[in-house]
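Participant: Can you read through this structure? Questions will come right after.
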Amino acid sequence: MANSEPTLLIIDDEKNIRSGLAQGLRGTAGFIDAVADADEGIARFLEKRHDMVITDLRLPGKRGGLDVLRLVREESPETIVIVITAHASVETAVEAMRLGAFDFVTKPVDLDLIRQQVAKAAEHHRLVEENRQFREELAHAGGAPEIIGNCAVTREALRLIRQVAQTDATAFILGESGTGKELTARAIHQLSERRRQPFVAVNLGALPENLMESELFGHEKGAFTDARRRKIGHFEAAAGGTLFLDEVSETSAKTQISLLRALEEREFRRVGGEETIAADVRVISASNRDVERLVREGGFREDLFYRLNVVPIQLPSLRERRDDIPLLVEHFLERFCHRYQRTIKRLTPAAMKSLVGRAWPGNIRQLRNVVERLVVTVAADAIGPDDLPEEIHPERGAPACDLAEAVAEAEIKAISAALAQCGYHRDRTAELLGISVRSLHYKMSRYGLH
């Protein structure tokens, strides 16, 4: 991960404020530029691409702080912009947030508040940079960099994937169906020292109980009635690499014993064989069930669970990472438009809002299938709410989505009321609601509260 500190650009025509901010923010950024007007600020930004910008709203000349904000957001969406002004109004505050400002601060400037906001922005910059480098490492390692998203729970999962990949520890991936468990296992493999060796995935839930051991460990000719020749199992096929055991909670009691022995002794025998074979594999397991509960109920061996669960990785459901849905939709749109040789399509804001508000019981897999269907069936370049499938249509949605809709409506009412009560001051509104300013910004963007 890059360790460079973020760079900061300050734009304010008042020399005392400009120099005071530059002096007071030393140590929070790696490099600080300070200029007096929008034209010079824009030129300096285009030259150096700062990670953070603090700009006054009213500046001398034809261009002001909102012009700076627009250009910065267009040129570098990851750059964080804080707008300050002595002439605050509800309209300008709402416009600044609509354009993507990180925060809106009134004069006289509270230096402690600015320091806090810059510290938050610096942490956001660090996480974004870590996320970007993670994907670059995946691409360099030959993996498919398709772990899309930038919300807090996604960044935490990516951080854990990086840490696990640097070791040879056994990992257990937990999450609902469709959350990307195999993709996560492949990412760990691609970032590990074993990436040049095989990655073998097996869905144990799809195997008949009487064939599990043969599939995992192989068998010798004549080991049972239909064993007409020697068969190499998945452990052997993954030698030197990674073996991904999906739905490991579905293994039979007998197979659990054999699997535990292979993990503890790092060796196994083919069914019907006498030869001991070294198990030089890294095992990653996954399940969409509550395995700890299975252990308590006697449905899964406790010793095997602890052997598999050295490093647990909990993948969030799509409901827990709604802020990632627009990024995922754009990714799938581009992929399927290219695959089916369609012109690049886009979703209207209303259609995107509908997708973000759905419950998505099938998680990312369901979202991907919906986007693929839209690319194939919608002739127009713009996809609107009426084009959405029956099960996710805002008026005709399935009953399973009612709770999500009710929660969304409640949040919209609560945020709107709090904004009005606090005069559209973001800090006070967030404090009243008991959430962070960043969370408030995300929710306002999600619900179109402009």
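Participant: I'd like to know how the chain sits against the 2.2 N^0.38 Å rule of thumb: what's its Cα Rg over that expected value?
Facilitator: In units of the 2.2 N^0.38 Å rule of thumb, it is 1.19.
Participant: Right, another one. Once the piece of chain linking Arg229 and Ser416 is laid out straight, how much longer is it, given 0.36 nm per residue of separation minus the C-alpha distance between them?
Facilitator: Numbers: separation 187, 0.36 × 187 = 67.32 nm, distance 7.02 nm.
Gain in length upon complete extension: 60.3 nm.
Participant: Where both residues lie in the chain, what percent of DSSP beta bridges are antiparallel, nearest 5?
Facilitator: Values: 3 of 42 bridges.
The antiparallel fraction comes to roughly 5 percent.
Participant: May I pose another question? Just from its helices, what would the mean residue ellipticity at 222 nm be for the chain, if runs of 4 or more DSSP H residues each count -39500 (n - 2.57) and the sum is divided by every residue, rounded to the nearest 500 deg cm²/dmol?
Facilitator: On the way: 18 runs with 208 residues, N = 450.
Helices in the chain give a 222 nm mean residue ellipticity of -14000 deg cm²/dmol.
Participant: Taking Rh as the Kirkwood radius, which is the inverse of the mean 1/r over Cα pairs, what is the Rg/Rh value for the range 40-90?
Facilitator: Values: Rg = 10.7 Å, Rh = 11.2 Å.
Rounded to two decimals, Rg/Rh equals 0.95.
Participant: If you build a Gaussian network model of the chain, linking Cα atoms that sit under 10 Å apart, which residue out of Arg296, Arg196, Arg428 swings the most?
Facilitator: In this elastic network of the chain, the residue with the biggest mean-square fluctuation among Arg296, Arg196, Arg428 is Arg296.
Participant: Run the numbers for Arg335 and Glu297: contour at 0.36 nm per residue of separation, minus the present Cα-Cα distance, in nm.
Facilitator: Values: separation 38, 0.36 × 38 = 13.68 nm, distance 4.37 nm.
Between Arg335 and Glu297, full extension yields an extra 9.3 nm.
Participant: Which log10 I(q)/I(0) values, to two decimals, does the range 192-272 give at q = 0.16, 0.19 Å⁻¹ under the Debye formula with one point per Cα?
Facilitator: Taken in order of the listed q values, log10 I(q)/I(0) reads -0.60, -0.84.
Participant: Another question about this same structure. Quickly work out the Ala43-to-Leu327 label distance, labels modelled 7 Å from Cα along the C-beta direction, and quote it in nm with one decimal.
Facilitator: 3.5
Participant: How high is the relative contact order of the chain, in percent, with contacts defined as C-alpha pairs under 8 Å that are six or more residues apart? Don't skip to the answer; put the middle values down first.
Facilitator: Values: 720 pairs, mean separation 55.9, N = 450.
Averaging sequence separation for qualifying contacts and normalising by length gives 12 percent for the chain.
Participant: In whole angstrom, how long is each semi-axis of the equivalent ellipsoid of the range 7-128, when you take the square root of 5 times every eigenvalue of its Cα gyration tensor and sort them from largest down? Show your work: numbers first, answer last.
Facilitator: Values: eigenvalues 64, 52, 46 Å².
For the range 7-128, the ellipsoid semi-axes come out as 18, 16, 15 Å.
Participant: Identify all lysines with a Cα-Cα distance to Lys353 below 28 Å; exclude those on the same chain that are fewer than 8 residues away in sequence.
Facilitator: Lys120, Lys181, Lys345, Lys413, Lys443
Participant: Here is a follow-up. Under a point spin-label approximation (7 Å from Cα along Cα-to-Cβ), what is the Arg159-Val376 distance to one decimal in nm?
Facilitator: Modelled inter-label distance: 4.0 nm.
Participant: Quick check on the range 148-314: of the DSSP beta bridges with both residues there, what percent are antiparallel, nearest 5%? Working shown, then result.
Facilitator: Numbers: 3 of 21 bridges.
The antiparallel fraction comes to roughly 15 percent.
Participant: Let me ask you something else. Work out the FRET efficiency for Arg346 and Tyr306 from their Cβ-Cβ distance, taking R0 = 60 Å, and round it to the nearest 0.05. Mind dumping the intermediate values first?
Facilitator: Working: r = 49 Å, r/R0 = 0.81.
For Arg346 and Tyr306, the calculated efficiency is 0.80.
Participant: Okay, next question. Check the straight Cα-Cα distances from Lys107 and name the aspartates and glutamates below 13 Å, setting aside those fewer than 8 residues away within the same chain.
Facilitator: Counting by Cα, and skipping residues close in sequence, Lys107 has these aspartates and glutamates nearby: Asp12, Glu14, Asp56.
Participant: Further, regarding this structure: How far is helix 363-377 tilted, in degrees, relative to the longest principal axis of the Cα atoms in the chain, given as a value from 0 to 90 rounded to the nearest 10?
Facilitator: Helix 363-377 and the main axis of the chain meet at about 80 degrees.
Participant: So which GluC sites (Glu not before Pro) in the range 282-373 pass both tests, a DSSP loop state and at most 10 other Cβ atoms within 10 Å of the Cβ? Don't skip to the end; give the middle numbers.
Facilitator: Values: sites: Glu292, Glu297, Glu302, Glu320, Glu330, Glu334, Glu372; in loops: Glu297.
Those satisfying the criteria are Glu297.
Participant: Extension gain Ala239-Glu5, at 0.36 nm per residue separation less the Cα-Cα distance, in nm?
Facilitator: Gain on stretching Ala239 to Glu5: 80.0 nm.
Participant: Let me ask something else. Pick from Ala262, Ala380, Ala201: which residue has the top mean-square fluctuation in a GNM of the chain where Cα pairs under 10 Å get a spring?
Facilitator: Comparing Ala262, Ala380, Ala201 in a Gaussian network model of the chain, the most mobile one is Ala380.
Participant: Dividing the alpha-carbon radius of gyration of the range 148-314 by 2.2 N^0.38 Å (N being the number of residues), what value is obtained?
Facilitator: The range 148-314 yields a ratio of 1.04.
Participant: Name the chymotrypsin sites (Phe, Trp or Tyr not before Pro) in the range 283-358 that are in a loop by DSSP and that have at most 14 other C-beta atoms within 10 Å, would you? Before the final figure, lay out each step's value.
Facilitator: On the way: sites: Phe300, Phe305, Tyr306, Phe332, Phe336, Tyr340; in loops: Phe300, Tyr340.
In loop regions of the range 283-358 (DSSP not H, G, I, E or B), the sparsely surrounded chymotrypsin sites (Phe, Trp or Tyr not before Pro) are Tyr340.
Participant: Can you pull a Stokes-Einstein diffusion coefficient for the range 1-77 at 4 °C (1.567 mPa s), Rh from Kirkwood over Cα pairs, as a whole number of µm²/s?
Facilitator: Details: Rh = 12.5 Å.
Reported coefficient: 103 µm²/s.
Values quoted throughout were computed directly from the atomic coordinates according to the rules given, and no laboratory measurement underlies them. Remember, it's a predicted structure, so these values are computed and weren't measured experimentally. FYI the Cβ positions are ideal-geometry reconstructions off the backbone, even for glycines, and counts take in every protein chain you see.
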